[in-house]
1. State the answer as a single residue: which of Q65, S39, G51 lies farthest towards the positive end of the charge dipole of the range 31-82, with beta carbon charges of +1 for Lys and Arg and -1 for Asp and Glu, about the Cα centre.
2. Pull out the extension gain between K74 and A36, defined as 0.36 nm times the separation in residues minus the alpha carbon to alpha carbon distance; nm, one decimal.
3. Order of 27-33, 45-51, 59-65 by packing, highest average Cβ count within 10 Å first?
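Just so it is clear, none of the values below were taken in a lab; they were calculated from the coordinates. Everything numeric in this text was worked out from a predicted model, so none of it was measured. For neighbour counting, all protein chains shown are included, and Cβ atoms are generated from backbone atoms with ideal geometry for every residue, glycine included.
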Amino acid sequence: MTVIGKLFAASAAAALLFSTGAIAQEKKPAAPKPAAAASPCKGIDETACKGNTACQWIAPKKGKQKPYCKLKAKAKKATPKS
């Protein structure tokens with residue numbers, strides 16, 4: 001085997017080693033986020049909604065939208081003004 005043949009074989013081996021290392025370092029796709037828990041207010045009637053302190057009854061003023069129950073908005077923390 002000539003010097004050029006040895007050099008070619010060494011460069012081919014190095015390229016093979018580097019290419020397999022790059023494959024091993026590929027990032028895996030992020031795991032999907034867990035689904036949010038179902039709302040305790042979803043699908044309940046008006047009396048049950050008004051009885052639950054975490055829920056509020058929404059009655060549209062006009063249009064074709066039907067009244068429904070939903071979770072109350074969380075209170076935002078007030079930031080002190082300087």
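1. Q65
2. Details: separation 38, 0.36 × 38 = 13.68 nm, distance 1.60 nm.
Length difference between fully extended and current span is 12.1 nm.
3. Details: 27-33: 5.6, 45-51: 12.9, 59-65: 7.1.
So the peptides 27-33, 45-51, 59-65, ranked by packing, come out 45-51, 59-65, 27-33.
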